[in-house]
Amino acid sequence: MIFQQKSNEDIKIIVRRHWAVIIGLIMFALVMLVLPVVLYFILRPFVQLKGGIFSAFILGLGIYYMFVLTLLYIGWLDYYLDVAIITNERIVDIDQDGLFNRTVSELHLSKVQDVSGNVKGITGTMMDFGDVTVQTAGTHEEFVLDTIPHPYKLSKMIVNMHQICIEHLAEKARLPEDT
């Protein structure tokens, strides 16, 4: 299992990349799916497809469509399986790259030093998506959640949760242990 929730851990938010990042993939797939049909009707008066040639054309068209749909599926899978899980104790970033590559990064909230939200371009500004960069005190210098919705709200939420985590750790340190 990729994400193992601890017994005292509460999931605060699950964040996926903004839906606008998949629009380019959908537009590409639509063009690639319509292109053979348009070419067929343009070239139909000039090329006669009969018998074996027509069968080979249909077979090639089927292989072409399977290829395009496979690319679309892989792109959607990459979009859908990229997720960030933010709990009261840690941030878990799961990045899917293609079919067989996955990177899982985990950061405890007590190691957060700085959080910044970043929105670039007119599309990001109008649709309110961008990156959240978390500076850490650990071995990894930066922890980046990319192309997520509402980056400023999420960065503020992480800072608030970091403060609560630090206060909770300080309170645990002050309490005498039961023996």
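The values are calculated or read from the model by the stated rules, or taken from the named source; none is laboratory data. On a predicted model such as this, the values are computed, not experimentally measured, just so you know. Cβ placement follows ideal geometry from the backbone for every residue including glycine, while neighbour counts extend to all protein chains displayed. Heavy atoms of the whole protein, side chains included, go into the accessibility calculation; ligands, DNA and RNA do not. Shrake-Rupley method; radii C 1.70, N 1.55, O 1.52, S 1.80 Å.
Tell me which residues, restricted to region 101-113, are more than 15 Å from the chain's Cα centre (by Cα) and open to solvent by 80 Å² or more (accessible area, probe 1.4 Å).
Passing the criteria: 106, 111, 113.
Yes or no: region 115-135 includes at least one residue that is among the aromatic types (Phe, Trp, Tyr) and touching a residue at least 60 places away in the same chain (Cβ under 8 Å). Even if it seems obvious, please write down each step before you answer.
Start the filter on region 115-135 by keeping residues that are among the aromatic types (Phe, Trp, Tyr), which leaves 129.
Checking which are touching a residue at least 60 places away in the same chain (Cβ under 8 Å) leaves us with 129.
There is at least one residue in region 115-135 that is among the aromatic types (Phe, Trp, Tyr) and touching a residue at least 60 places away in the same chain (Cβ under 8 Å).
Hey, does region 13-25 have a residue that's modelled with pLDDT of 90 or more, open to solvent by 60 Å² or more (accessible area, probe 1.4 Å) and among the charged types (D, E, K, R)?
yes
Considering only region 70-94, how many residues are open to solvent by less than 40 Å² (accessible area, probe 1.4 Å) and outside any helix (DSSP H, G or I)?
Number satisfying all stated conditions: 12.
Taking residue 47 as the residue in question, decide whether it is outside any loop (DSSP other than H, G, I, E, B) and either of a type outside the set (Asp, Glu) or within 25 Å of the chain's Cα centre (by Cα) (or both). Quick ask: steps written out before the conclusion?
Numbers: outside any loop (DSSP other than H, G, I, E, B): no; either of a type outside the set (Asp, Glu) or within 25 Å of the chain's Cα centre (by Cα) (or both): yes.
Considered against the rule, which asks whether it is outside any loop (DSSP other than H, G, I, E, B) and either of a type outside the set (Asp, Glu) or within 25 Å of the chain's Cα centre (by Cα) (or both), residue 47 comes out as no.
Does residue 34 fit the bill of being open to solvent by 50 Å² or more (accessible area, probe 1.4 Å) and over 30 Å from residue 76 (Cα atoms)? Steps first, please.
On the way: open to solvent by 50 Å² or more (accessible area, probe 1.4 Å): yes; over 30 Å from residue 76 (Cα atoms): no.
Judged against the criteria, residue 34 is not a match.
Working carefully through the options 67, 57, find the one that is outside any loop (DSSP other than H, G, I, E, B), of a type in the set (Phe, Trp, Tyr) and open to solvent by 80 Å² or more (accessible area, probe 1.4 Å). Quick ask: steps written out before the conclusion?
Values: 57 fails: open to solvent by 80 Å² or more (accessible area, probe 1.4 Å).
Sole residue among the options that is outside any loop (DSSP other than H, G, I, E, B), of a type in the set (Phe, Trp, Tyr) and open to solvent by 80 Å² or more (accessible area, probe 1.4 Å): 67.
Pairs needed: first member in region 80-106, over 18 Å from residue 155 (Cβ atoms) and without any contact (Cβ under 8 Å) to a residue 40 or more places away in the chain; second member anywhere, assigned to a loop (DSSP other than H, G, I, E, B) and open to solvent by 10 Å² or more (accessible area, probe 1.4 Å); C-beta distance under 6 Å; at least 6 residues apart or different chains.
The qualifying pairs are 95/82; 96/82.
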